[in-house]
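The values are calculated or read from the model by the stated rules, or taken from the named source; none is laboratory data. Just so it is clear, the structure is predicted and the values come from calculations on it, not from any experiment. Cβ: placed from backbone, ideal geometry, glycine included. Neighbour counts: every protein chain shown.
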(Lines give C-alpha, C1' and ligand atoms only; values in the text may rest on other atoms or scores of the structure.)
Protein backbone atom coordinates (compact mmCIF):
# COMPACT_ATOMS: atom_id res chain seq x y z
CA UNK A 1 0.00 0.00 0.00
CA UNK A 2 2.67 2.55 0.87
CA UNK A 3 4.42 1.55 -2.37
CA UNK A 4 1.27 2.22 -4.38
CA UNK A 5 0.89 5.56 -2.67
CA UNK A 6 4.48 6.47 -3.60
CA UNK A 7 3.98 5.45 -7.20
CA UNK A 8 0.82 7.54 -7.40
CA UNK A 9 2.66 10.51 -5.96
CA UNK A 10 5.50 10.06 -8.42
CA UNK A 11 3.12 9.82 -11.35
CA UNK A 12 1.13 12.81 -10.13
CA UNK A 13 4.37 14.73 -9.77
CA UNK A 14 5.48 13.74 -13.26
CA UNK A 15 2.13 14.81 -14.70
CA UNK A 16 2.26 18.17 -12.93
CA UNK A 17 5.79 18.76 -14.09
CA UNK A 18 4.72 17.79 -17.59
CA UNK A 19 1.80 20.19 -17.52
CA UNK A 20 4.15 22.95 -16.40
CA UNK A 21 6.49 22.00 -19.22
CA UNK A 22 3.66 22.29 -21.71
CA UNK A 23 2.79 25.77 -20.49
CA UNK A 24 6.33 27.10 -20.22
CA UNK A 25 8.47 28.44 -23.02
CA UNK A 26 12.22 27.79 -22.83
CA UNK A 27 13.89 30.71 -21.08
CA UNK A 28 17.19 31.97 -22.38
CA UNK A 29 20.19 30.87 -20.26
CA UNK A 30 21.84 34.23 -20.61
CA UNK A 31 18.65 36.27 -20.90
CA UNK A 32 19.23 39.89 -21.65
CA UNK A 33 20.96 40.66 -18.35
CA UNK A 34 23.53 43.38 -17.83
CA UNK A 35 26.86 43.00 -19.58
CA UNK A 36 29.52 41.83 -17.12
CA UNK A 37 32.20 43.65 -19.12
CA UNK A 38 32.15 46.17 -21.93
CA UNK A 39 35.69 45.40 -23.10
CA UNK A 40 36.39 42.77 -25.71
CA UNK A 41 39.64 41.68 -27.42
CA UNK A 42 39.61 39.84 -30.74
CA UNK A 43 42.47 38.78 -33.02
CA UNK A 44 43.08 40.62 -36.28
CA UNK A 45 44.99 38.57 -38.84
CA UNK A 46 45.60 39.20 -42.55
CA UNK A 47 43.13 36.45 -43.56
CA UNK A 48 39.97 38.09 -44.80
CA UNK A 49 37.83 34.95 -45.09
CA UNK A 50 37.18 35.14 -41.35
CA UNK A 51 35.24 38.26 -42.25
CA UNK A 52 32.38 37.95 -39.73
CA UNK A 53 34.61 38.82 -36.79
CA UNK A 54 35.58 42.04 -38.57
CA UNK A 55 32.12 42.90 -39.88
CA UNK A 56 30.88 42.36 -36.31
CA UNK A 57 32.68 45.45 -35.00
CA UNK A 58 29.68 47.78 -35.23
CA UNK A 59 27.31 45.03 -34.14
CA UNK A 60 29.44 44.51 -31.02
CA UNK A 61 29.08 48.20 -30.32
CA UNK A 62 25.31 47.89 -30.76
CA UNK A 63 25.39 45.00 -28.27
CA UNK A 64 26.82 47.36 -25.66
CA UNK A 65 30.58 46.79 -25.91
CA UNK A 66 32.38 50.11 -25.72
CA UNK A 67 36.04 49.03 -25.81
CA UNK A 68 36.53 46.74 -28.79
CA UNK A 69 40.15 45.91 -29.42
CA UNK A 70 41.35 44.12 -32.53
CA UNK A 71 44.80 42.84 -31.59
CA UNK A 72 47.05 42.57 -34.65
CA UNK A 73 48.95 39.40 -35.56
CA UNK A 74 51.18 38.65 -38.53
CA UNK A 75 50.22 36.11 -41.20
CA UNK A 76 50.65 32.57 -39.93
CA UNK A 77 51.12 33.68 -36.31
CA UNK A 78 49.36 31.40 -33.82
CA UNK A 79 46.49 33.19 -32.06
CA UNK A 80 45.31 30.23 -29.97
CA UNK A 81 48.10 30.71 -27.46
CA UNK A 82 47.25 34.34 -26.61
CA UNK A 83 43.59 33.33 -26.55
CA UNK A 84 44.31 30.59 -24.03
CA UNK A 85 46.50 32.93 -21.96
CA UNK A 86 43.68 35.49 -21.74
CA UNK A 87 45.40 38.09 -23.91
CA UNK A 88 42.47 37.70 -26.29
CA UNK A 89 38.88 37.01 -25.28
CA UNK A 90 37.52 35.57 -28.54
CA UNK A 91 38.68 34.53 -31.95
CA UNK A 92 37.27 33.10 -35.15
CA UNK A 93 39.91 30.67 -36.29
CA UNK A 94 40.35 27.55 -38.40
CA UNK A 95 38.87 24.42 -36.81
CA UNK A 96 42.21 22.66 -37.36
CA UNK A 97 44.06 25.29 -35.31
CA UNK A 98 41.52 25.09 -32.51
CA UNK A 99 41.58 21.28 -32.40
CA UNK A 100 45.38 21.21 -32.25
CA UNK A 101 45.43 23.90 -29.53
CA UNK A 102 42.87 22.07 -27.40
CA UNK A 103 44.84 18.85 -27.82
CA UNK A 104 47.86 20.75 -26.51
CA UNK A 105 45.88 21.56 -23.36
CA UNK A 106 45.01 25.18 -24.09
CA UNK A 107 41.89 26.33 -22.20
CA UNK A 108 39.66 27.35 -25.08
CA UNK A 109 35.90 26.86 -25.37
CA UNK A 110 34.44 26.45 -28.85
CA UNK A 111 31.05 28.13 -29.23
CA UNK A 112 29.90 27.80 -32.87
CA UNK A 113 30.82 27.09 -36.45
CA UNK A 114 30.91 30.28 -38.48
CA UNK A 115 31.62 29.52 -42.13
CA UNK A 116 32.59 26.99 -44.78
CA UNK A 117 35.43 27.28 -47.29
CA UNK A 118 38.39 29.63 -46.94
CA UNK A 119 41.32 27.75 -48.39
CA UNK A 120 42.09 26.64 -51.92
CA UNK A 121 44.87 24.36 -53.09
CA UNK A 122 46.59 26.01 -56.05
CA UNK A 123 48.89 24.11 -58.42
CA UNK A 124 50.80 24.64 -61.63
CA UNK A 125 49.30 23.59 -64.93
CA UNK A 126 49.74 19.88 -65.56
CA UNK A 127 48.96 18.88 -61.99
CA UNK A 128 45.39 17.53 -62.16
CA UNK A 129 44.74 16.22 -58.66
CA UNK A 130 46.15 15.86 -55.16
CA UNK A 131 47.70 12.50 -56.03
CA UNK A 132 49.73 14.27 -58.74
CA UNK A 133 51.58 16.05 -55.94
CA UNK A 134 53.75 12.95 -55.51
CA UNK A 135 57.33 14.09 -56.06
CA UNK A 136 56.31 17.71 -56.41
CA UNK A 137 57.39 20.72 -54.35
CA UNK A 138 54.83 22.26 -52.04
CA UNK A 139 55.42 25.52 -50.21
CA UNK A 140 54.69 26.47 -46.62
CA UNK A 141 56.08 28.86 -44.04
CA UNK A 142 56.63 26.41 -41.21
CA UNK A 143 56.28 22.76 -40.22
CA UNK A 144 53.06 22.25 -38.26
CA UNK A 145 51.63 25.48 -39.66
CA UNK A 146 48.00 25.36 -40.80
CA UNK A 147 48.87 24.86 -44.51
CA UNK A 148 51.27 22.06 -43.59
CA UNK A 149 48.72 20.32 -41.37
CA UNK A 150 45.87 20.64 -43.85
CA UNK A 151 47.90 19.58 -46.84
CA UNK A 152 49.21 16.58 -44.92
CA UNK A 153 45.63 15.59 -44.14
CA UNK A 154 44.55 16.14 -47.75
CA UNK A 155 47.46 14.11 -49.12
CA UNK A 156 46.87 11.26 -46.67
CA UNK A 157 43.18 11.20 -47.74
CA UNK A 158 44.18 10.19 -51.28
CA UNK A 159 46.75 7.62 -50.16
CA UNK A 160 49.97 9.61 -50.37
CA UNK A 161 52.60 9.42 -47.66
CA UNK A 162 52.93 13.17 -47.02
CA UNK A 163 56.39 12.83 -45.44
CA UNK A 164 57.97 10.83 -48.24
CA UNK A 165 55.91 11.67 -51.30
CA UNK A 166 55.85 15.46 -51.04
CA UNK A 167 58.88 17.69 -51.29
CA UNK A 168 58.12 20.36 -48.70
CA UNK A 169 59.73 23.76 -49.23
CA UNK A 170 59.79 25.61 -45.90
CA UNK A 171 60.75 29.24 -45.52
CA UNK A 172 59.43 31.46 -42.71
CA UNK A 173 60.62 34.60 -44.47
CA UNK A 174 59.03 34.14 -47.89
CA UNK A 175 55.29 33.75 -48.43
CA UNK A 176 54.58 30.62 -50.51
CA UNK A 177 52.51 32.68 -52.96
CA UNK A 178 55.65 34.59 -53.90
CA UNK A 179 57.53 31.36 -54.65
CA UNK A 180 54.52 30.02 -56.56
CA UNK A 181 54.28 33.14 -58.72
CA UNK A 182 58.04 32.93 -59.35
CA UNK A 183 57.61 29.30 -60.47
CA UNK A 184 59.82 27.97 -57.65
CA UNK A 185 57.20 25.61 -56.17
CA UNK A 186 54.49 23.45 -57.75
CA UNK A 187 51.65 23.98 -55.30
CA UNK A 188 50.59 25.68 -52.09
CA UNK A 189 47.51 26.22 -49.98
CA UNK A 190 46.12 29.70 -50.58
CA UNK A 191 44.07 31.77 -48.15
CA UNK A 192 42.07 34.88 -49.08
CA UNK A 193 43.03 37.26 -50.53
CA UNK A 194 45.63 34.98 -52.23
CA UNK A 195 43.16 32.96 -54.39
CA UNK A 196 41.51 36.18 -55.57
CA UNK A 197 44.92 37.64 -56.40
CA UNK A 198 46.05 34.57 -58.35
CA UNK A 199 42.79 34.38 -60.27
CA UNK A 200 43.04 38.08 -61.16
CA UNK A 201 46.58 37.48 -62.47
CA UNK A 202 45.69 34.21 -64.22
CA UNK A 203 48.33 32.22 -62.36
CA UNK A 204 47.91 28.51 -61.59
CA UNK A 205 44.67 26.63 -61.13
CA UNK A 206 42.63 25.25 -58.25
CA UNK A 207 42.96 21.58 -57.29
CA UNK A 208 40.71 21.77 -54.24
CA UNK A 209 38.26 24.49 -53.35
CA UNK A 210 37.14 23.77 -49.80
CA UNK A 211 33.99 25.84 -50.22
CA UNK A 212 32.83 23.54 -53.01
CA UNK A 213 34.69 20.23 -52.90
CA UNK A 214 33.76 17.37 -50.61
CA UNK A 215 34.47 16.36 -47.93
CA UNK A 216 35.83 19.79 -46.95
CA UNK A 217 32.72 21.67 -48.01
CA UNK A 218 30.61 19.55 -45.68
CA UNK A 219 32.23 20.93 -42.53
CA UNK A 220 32.88 24.31 -41.01
CA UNK A 221 36.37 25.52 -41.82
CA UNK A 222 36.24 28.23 -39.19
CA UNK A 223 34.81 28.31 -35.72
CA UNK A 224 34.28 30.85 -33.01
CA UNK A 225 35.92 30.17 -29.67
CA UNK A 226 36.59 31.99 -26.45
CA UNK A 227 39.01 31.97 -23.57
CA UNK A 228 37.53 29.34 -21.26
CA UNK A 229 37.61 31.49 -18.14
CA UNK A 230 35.97 34.41 -19.94
CA UNK A 231 33.15 32.22 -21.24
CA UNK A 232 32.49 30.79 -17.78
CA UNK A 233 32.73 34.11 -15.99
CA UNK A 234 30.84 36.31 -18.47
CA UNK A 235 27.94 34.38 -20.06
CA UNK A 236 25.95 37.48 -21.06
CA UNK A 237 28.96 39.02 -22.79
CA UNK A 238 29.74 35.68 -24.44
CA UNK A 239 26.25 35.35 -25.84
CA UNK A 240 26.25 38.92 -27.13
CA UNK A 241 29.64 38.50 -28.81
CA UNK A 242 28.46 35.30 -30.46
CA UNK A 243 25.21 36.96 -31.54
CA UNK A 244 27.15 39.84 -33.13
CA UNK A 245 29.47 37.43 -34.98
CA UNK A 246 26.61 35.25 -36.25
CA UNK A 247 24.58 38.29 -37.30
CA UNK A 248 27.70 39.43 -39.15
CA UNK A 249 27.96 36.02 -40.83
CA UNK A 250 24.36 36.41 -42.02
CA UNK A 251 25.25 39.87 -43.30
CA UNK A 252 28.27 38.51 -45.18
CA UNK A 253 25.95 36.03 -46.91
CA UNK A 254 22.99 38.29 -47.63
CA UNK A 255 24.69 41.64 -48.23
CA UNK A 256 28.27 40.91 -49.30
CA UNK A 257 28.70 44.37 -50.84
CA UNK A 258 27.90 46.12 -47.57
CA UNK A 259 30.01 43.67 -45.56
CA UNK A 260 32.97 44.17 -47.94
CA UNK A 261 32.63 47.92 -47.65
CA UNK A 262 32.68 47.66 -43.85
CA UNK A 263 35.85 45.56 -44.01
CA UNK A 264 37.59 48.18 -46.11
CA UNK A 265 36.30 51.10 -44.00
CA UNK A 266 37.38 49.30 -40.82
CA UNK A 267 40.89 48.71 -42.16
CA UNK A 268 40.52 44.93 -42.29
CA UNK A 269 41.01 44.66 -46.05
CA UNK A 270 42.85 47.08 -48.33
CA UNK A 271 40.92 45.99 -51.44
CA UNK A 272 37.15 46.10 -51.81
CA UNK A 273 37.13 43.81 -54.87
CA UNK A 274 39.07 41.03 -53.10
CA UNK A 275 36.95 41.34 -49.97
CA UNK A 276 33.76 41.12 -52.02
CA UNK A 277 35.03 38.15 -54.01
CA UNK A 278 36.00 36.35 -50.80
CA UNK A 279 32.55 36.92 -49.33
CA UNK A 280 30.92 35.58 -52.49
CA UNK A 281 33.25 32.58 -52.80
CA UNK A 282 32.71 31.22 -49.30
CA UNK A 283 29.61 30.04 -47.45
CA UNK A 284 28.61 32.28 -44.54
CA UNK A 285 25.03 31.07 -44.23
CA UNK A 286 25.59 27.62 -42.74
CA UNK A 287 25.81 28.32 -39.00
CA UNK A 288 22.21 27.28 -38.41
CA UNK A 289 22.38 24.27 -40.71
CA UNK A 290 25.72 22.50 -40.13
CA UNK A 291 26.58 20.77 -36.87
CA UNK A 292 29.77 22.25 -35.37
CA UNK A 293 30.42 18.99 -33.56
CA UNK A 294 30.70 17.22 -36.94
CA UNK A 295 33.51 19.60 -37.91
CA UNK A 296 35.39 18.94 -34.68
CA UNK A 297 34.93 15.19 -35.09
CA UNK A 298 36.04 15.27 -38.74
CA UNK A 299 39.17 17.33 -38.22
CA UNK A 300 40.11 15.65 -34.93
CA UNK A 301 39.94 12.23 -36.58
CA UNK A 302 42.00 13.34 -39.60
CA UNK A 303 44.60 15.06 -37.39
CA UNK A 304 44.81 12.03 -35.13
CA UNK A 305 45.27 9.68 -38.10
CA UNK A 306 48.04 11.92 -39.41
CA UNK A 307 49.73 11.94 -36.01
CA UNK A 308 49.26 15.62 -35.24
CA UNK A 309 47.13 15.15 -32.11
CA UNK A 310 46.60 12.52 -29.43
CA UNK A 311 43.17 13.34 -27.98
CA UNK A 312 40.04 11.63 -29.25
CA UNK A 313 37.28 13.72 -30.87
CA UNK A 314 35.00 12.75 -27.96
CA UNK A 315 37.42 14.19 -25.43
CA UNK A 316 37.86 17.43 -27.35
CA UNK A 317 34.09 17.82 -27.69
CA UNK A 318 33.43 16.94 -24.04
CA UNK A 319 36.10 19.20 -22.58
CA UNK A 320 36.18 22.19 -24.88
CA UNK A 321 32.83 22.92 -26.48
CA UNK A 322 29.74 24.71 -25.22
CA UNK A 323 26.92 24.89 -27.75
CA UNK A 324 24.28 26.28 -25.38
CA UNK A 325 24.70 29.83 -26.61
CA UNK A 326 24.53 28.68 -30.23
CA UNK A 327 21.46 26.54 -29.56
CA UNK A 328 19.70 29.52 -28.03
CA UNK A 329 20.67 31.81 -30.89
CA UNK A 330 19.42 29.29 -33.44
CA UNK A 331 15.99 29.58 -31.83
CA UNK A 332 16.13 33.32 -31.18
CA UNK A 333 17.66 34.64 -34.38
CA UNK A 334 16.00 33.64 -37.63
CA UNK A 335 16.83 34.76 -41.14
CA UNK B 1 -2.83 -3.63 -16.22
CA UNK B 2 -3.07 -0.05 -14.98
CA UNK B 3 0.65 0.33 -14.37
CA UNK B 4 1.82 0.29 -18.01
CA UNK B 5 -1.06 2.54 -18.97
CA UNK B 6 -0.16 5.13 -16.31
CA UNK B 7 3.49 4.97 -17.23
CA UNK B 8 2.71 5.42 -20.88
CA UNK B 9 0.53 8.45 -20.08
CA UNK B 10 3.22 9.98 -17.88
CA UNK B 11 5.85 9.45 -20.57
CA UNK B 12 3.61 10.91 -23.25
CA UNK B 13 3.43 14.23 -21.46
CA UNK B 14 6.91 14.20 -19.94
CA UNK B 15 8.76 17.54 -20.16
CA UNK B 16 11.77 16.02 -21.88
CA UNK B 17 9.67 14.74 -24.75
CA UNK B 18 7.78 18.01 -24.89
CA UNK B 19 10.99 20.03 -25.16
CA UNK B 20 12.37 17.75 -27.87
CA UNK B 21 9.17 18.10 -29.85
CA UNK B 22 9.09 21.87 -29.43
CA UNK B 23 12.69 22.25 -30.43
CA UNK B 24 11.99 20.25 -33.56
CA UNK B 25 8.84 21.95 -34.79
CA UNK B 26 9.74 25.36 -33.34
CA UNK B 27 6.18 26.03 -32.14
CA UNK B 28 7.15 27.27 -28.71
CA UNK B 29 9.27 30.37 -29.05
CA UNK B 30 11.96 31.00 -26.44
CA UNK B 31 11.81 33.89 -23.98
CA UNK B 32 14.87 36.00 -24.76
CA UNK B 33 14.18 38.60 -22.07
CA UNK B 34 12.20 41.81 -21.49
CA UNK B 35 11.76 43.77 -24.72
CA UNK B 36 13.38 47.24 -24.64
CA UNK B 37 10.75 49.93 -24.14
CA UNK B 38 10.27 52.92 -26.41
CA UNK B 39 8.30 56.16 -26.37
CA UNK B 40 8.06 57.75 -29.81
CA UNK B 41 5.62 59.58 -32.09
CA UNK B 42 3.33 57.95 -34.66
CA UNK B 43 2.62 58.98 -38.25
CA UNK B 44 -0.48 60.73 -36.84
CA UNK B 45 1.57 62.72 -34.34
CA UNK B 46 0.35 60.65 -31.37
CA UNK B 47 2.67 59.40 -28.62
CA UNK B 48 3.19 55.63 -28.71
CA UNK B 49 4.91 53.45 -26.12
CA UNK B 50 5.59 49.75 -25.98
CA UNK B 51 3.81 49.70 -22.61
CA UNK B 52 0.63 50.94 -24.30
CA UNK B 53 0.78 47.95 -26.66
CA UNK B 54 0.93 45.46 -23.80
CA UNK B 55 -1.68 42.77 -24.37
CA UNK B 56 -0.90 42.57 -28.09
CA UNK B 57 1.70 40.64 -30.01
CA UNK B 58 4.03 43.27 -31.50
CA UNK B 59 6.46 43.01 -34.40
CA UNK B 60 9.01 45.83 -34.16
CA UNK B 61 11.08 46.58 -37.25
CA UNK B 62 13.49 49.35 -38.23
CA UNK B 63 13.30 51.07 -41.62
CA UNK B 64 13.74 54.46 -43.26
CA UNK B 65 11.61 55.80 -46.05
CA UNK B 66 14.45 56.59 -48.47
CA UNK B 67 15.92 53.10 -48.11
CA UNK B 68 16.33 51.88 -51.69
CA UNK B 69 16.60 48.12 -51.31
CA UNK B 70 16.21 46.06 -48.18
CA UNK B 71 13.48 48.06 -46.35
CA UNK B 72 11.01 47.87 -49.28
CA UNK B 73 11.59 44.10 -49.39
CA UNK B 74 10.79 43.85 -45.69
CA UNK B 75 7.72 46.12 -45.89
CA UNK B 76 6.42 44.17 -48.87
CA UNK B 77 6.79 40.93 -46.93
CA UNK B 78 5.05 42.36 -43.89
CA UNK B 79 2.21 43.77 -46.01
CA UNK B 80 1.66 40.23 -47.25
CA UNK B 81 1.56 38.90 -43.66
CA UNK B 82 -0.75 41.78 -42.63
CA UNK B 83 -3.26 40.57 -45.22
CA UNK B 84 -3.06 37.00 -43.98
CA UNK B 85 -3.68 37.83 -40.33
CA UNK B 86 -7.32 38.79 -40.95
CA UNK B 87 -9.25 40.14 -37.97
CA UNK B 88 -6.35 39.46 -35.58
CA UNK B 89 -4.36 42.25 -37.23
CA UNK B 90 -4.85 45.37 -35.19
CA UNK B 91 -7.04 43.69 -32.57
CA UNK B 92 -4.43 41.27 -31.27
CA UNK B 93 -1.34 41.75 -33.40
CA UNK B 94 0.40 45.06 -34.10
CA UNK B 95 3.28 46.03 -36.38
CA UNK B 96 5.57 48.88 -35.39
CA UNK B 97 8.14 50.28 -37.83
CA UNK B 98 10.65 52.71 -36.34
CA UNK B 99 12.51 55.07 -38.65
CA UNK B 100 16.31 55.10 -38.66
CA UNK B 101 16.34 58.53 -40.27
CA UNK B 102 14.31 60.75 -37.93
CA UNK B 103 15.74 63.96 -39.43
CA UNK B 104 14.00 63.17 -42.71
CA UNK B 105 11.17 60.89 -41.64
CA UNK B 106 8.71 63.25 -39.98
CA UNK B 107 5.20 62.01 -39.07
CA UNK B 108 3.94 63.43 -42.38
CA UNK B 109 6.59 61.63 -44.42
CA UNK B 110 5.84 58.39 -42.56
CA UNK B 111 2.11 58.81 -43.18
CA UNK B 112 2.68 59.11 -46.93
CA UNK B 113 4.98 56.09 -46.82
CA UNK B 114 2.39 54.03 -44.92
CA UNK B 115 -0.29 54.94 -47.43
CA UNK B 116 1.98 54.21 -50.38
CA UNK B 117 2.54 50.66 -49.14
CA UNK B 118 -1.11 50.08 -48.24
CA UNK B 119 -0.46 49.39 -44.57
CA UNK B 120 -3.54 49.23 -42.35
CA UNK B 121 -3.41 52.04 -39.76
CA UNK B 122 -5.47 50.06 -37.23
CA UNK B 123 -2.59 47.61 -36.83
CA UNK B 124 0.55 49.22 -38.21
CA UNK B 125 2.21 52.23 -36.64
CA UNK B 126 5.22 54.06 -38.06
CA UNK B 127 7.26 55.85 -35.42
CA UNK B 128 9.71 58.70 -35.33
CA UNK B 129 11.15 60.97 -32.66
CA UNK B 130 14.13 63.07 -31.81
CA UNK B 131 17.44 61.68 -33.14
CA UNK B 132 18.50 61.02 -29.53
CA UNK B 133 15.30 59.11 -28.74
CA UNK B 134 15.58 56.99 -31.88
CA UNK B 135 19.29 56.38 -31.25
CA UNK B 136 18.47 55.21 -27.75
CA UNK B 137 15.90 52.72 -29.06
CA UNK B 138 18.22 51.34 -31.76
CA UNK B 139 21.00 50.97 -29.20
CA UNK B 140 18.78 49.00 -26.84
CA UNK B 141 17.55 46.75 -29.67
CA UNK B 142 21.19 46.22 -30.73
CA UNK B 143 20.53 47.61 -34.19
CA UNK B 144 23.62 49.00 -35.87
CA UNK B 145 22.98 52.34 -37.64
CA UNK B 146 25.43 54.56 -39.57
CA UNK B 147 24.38 57.43 -41.80
CA UNK B 148 26.48 57.86 -44.92
CA UNK B 149 27.46 61.12 -46.58
CA UNK B 150 24.99 60.48 -49.44
CA UNK B 151 22.09 60.24 -46.99
CA UNK B 152 21.73 56.47 -47.10
CA UNK B 153 21.71 54.62 -43.78
CA UNK B 154 23.71 51.46 -43.18
CA UNK B 155 21.77 49.39 -40.69
CA UNK B 156 20.98 45.97 -39.36
CA UNK B 157 17.62 44.83 -40.69
CA UNK B 158 16.18 43.38 -37.51
CA UNK B 159 12.55 42.56 -36.76
CA UNK B 160 11.68 41.52 -33.21
CA UNK B 161 8.53 39.70 -32.16
CA UNK B 162 7.34 40.70 -28.69
CA UNK B 163 4.63 38.84 -26.80
CA UNK B 164 1.60 40.23 -24.95
CA UNK B 165 3.65 40.41 -21.74
CA UNK B 166 6.29 42.55 -23.47
CA UNK B 167 8.87 39.77 -23.57
CA UNK B 168 11.14 39.48 -26.60
CA UNK B 169 10.52 36.05 -28.15
CA UNK B 170 12.34 35.86 -31.50
CA UNK B 171 14.23 38.10 -33.93
CA UNK B 172 14.39 37.95 -37.70
CA UNK B 173 17.52 39.21 -39.41
CA UNK B 174 17.39 40.60 -42.95
CA UNK B 175 14.44 40.48 -45.32
CA UNK B 176 14.86 37.05 -46.86
CA UNK B 177 12.95 35.18 -44.17
CA UNK B 178 9.93 33.02 -44.87
CA UNK B 179 6.78 35.14 -44.35
CA UNK B 180 4.80 32.01 -43.54
CA UNK B 181 7.16 31.18 -40.67
CA UNK B 182 6.89 34.79 -39.49
CA UNK B 183 3.07 34.58 -39.54
CA UNK B 184 3.16 31.23 -37.72
CA UNK B 185 5.40 32.69 -35.00
CA UNK B 186 2.99 35.58 -34.47
CA UNK B 187 -0.01 33.28 -34.28
CA UNK B 188 1.80 30.81 -32.02
CA UNK B 189 2.03 33.56 -29.40
CA UNK B 190 -1.71 34.12 -29.64
CA UNK B 191 -2.59 30.49 -29.21
CA UNK B 192 0.28 29.09 -27.09
CA UNK B 193 1.99 32.00 -25.35
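Details
- When the test is whether a residue is loosely packed, with under 15 Cβ neighbours inside 10 Å and touching a helix residue (DSSP H, G or I) at 6+ places or on another chain (Cβ under 9 Å), residue B:103 passes it.
- The number of residues in region B:158-193 that are in contact with a helix residue (DSSP H, G or I) (Cβ under 9 Å, 6 or more places away or on another chain), within 10 Å of chain A (Cβ to nearest Cβ), within 17 Å of residue B:36 (Cα to Cα) and touching a residue at least 24 places away in the same chain (Cβ under 8 Å) comes to 8.
- Within region A:248-282, the residues that satisfy the criterion of being over 23 Å from residue A:335 (Cβ atoms) and free of Cβ contacts under 8 Å to residues at least 24 places away in the same chain are A:264, A:265, A:267, A:270, A:272.
- Qualifying positions in region A:250-279 - under 17 Å from the mean Cα position of the chain (by Cα) and more than 10 Å from every other protein chain (Cβ to nearest Cβ): A:252, A:278, A:279
- Selected residue (criterion: farthest from the chain's Cα centre (by Cα)) from residues of region A:128-150 that are more than 17 Å from residue A:301 (Cβ to Cβ) and in a helix (DSSP H, G or I): A:132
- Within region A:312-327, being buried (at least 19 other Cβ atoms within 10 Å of the Cβ) and touching a residue at least 40 places away in the same chain (Cβ under 8 Å) holds for A:316, A:320, A:321, A:325, A:326.
- Residues located in region A:151-183, provided they are closer than 25 Å to residue A:271 by Cβ and over 24 Å from the mean Cα position of the chain (by Cα): A:173, A:174, A:178, A:179, A:180, A:181, A:182, A:183
- Flag if residue B:164 is touching a strand residue (DSSP E or B) at 6+ places or on another chain (Cβ under 9 Å), surrounded by fewer than 21 Cβ atoms within 10 Å (Cβ to Cβ), closer than 23 Å to residue A:59 by Cα and modelled with pLDDT of 95 or more: no
- Test set (1) under 25 Å from residue A:116 (Cβ atoms); (2) out of contact with any strand residue (DSSP E or B) (no Cβ under 8 Å at 6 or more places or on another chain); (3) at pLDDT 90 or above - residue A:157 fails condition number: (3)
- Qualifying residue in region B:45-55 (condition: away from chain A (no Cβ under 14 Å), surrounded by 14 or more Cβ atoms within 10 Å (Cβ to Cβ), modelled with pLDDT of 95 or more and not in a loop (DSSP other than H, G, I, E, B)): yes
- Some residue of region B:75-97 being farther than 27 Å from residue A:258 by Cα, in contact with a strand residue (DSSP E or B) (Cβ under 7 Å, 6 or more places away or on another chain) and within 14 Å of another protein chain (Cβ to nearest Cβ): no
- Scanning region A:318-335 for residues that are within 7 Å of chain B (Cβ to nearest Cβ) and within 14 Å of residue A:248 (Cα to Cα) returns A:333, A:334, A:335.
- Subset of region A:294-311 that is surrounded by fewer than 17 Cβ atoms within 10 Å (Cβ to Cβ) and either in a helix (DSSP H, G or I) or under 18 Å from the mean Cα position of the chain (by Cα) (or both) - its residue that is farthest from the other protein chains (Cβ to nearest Cβ): A:305
- Test result for residue A:277, surrounded by 18 or more Cβ atoms within 10 Å (Cβ to Cβ), over 30 Å from residue B:162 (Cα atoms) and modelled with pLDDT of 90 or more: yes
- Scanning region A:131-147 for residues that are surrounded by fewer than 21 Cβ atoms within 10 Å (Cβ to Cβ) and modelled with pLDDT of 90 or more yields A:131, A:132, A:134, A:135, A:136, A:137.
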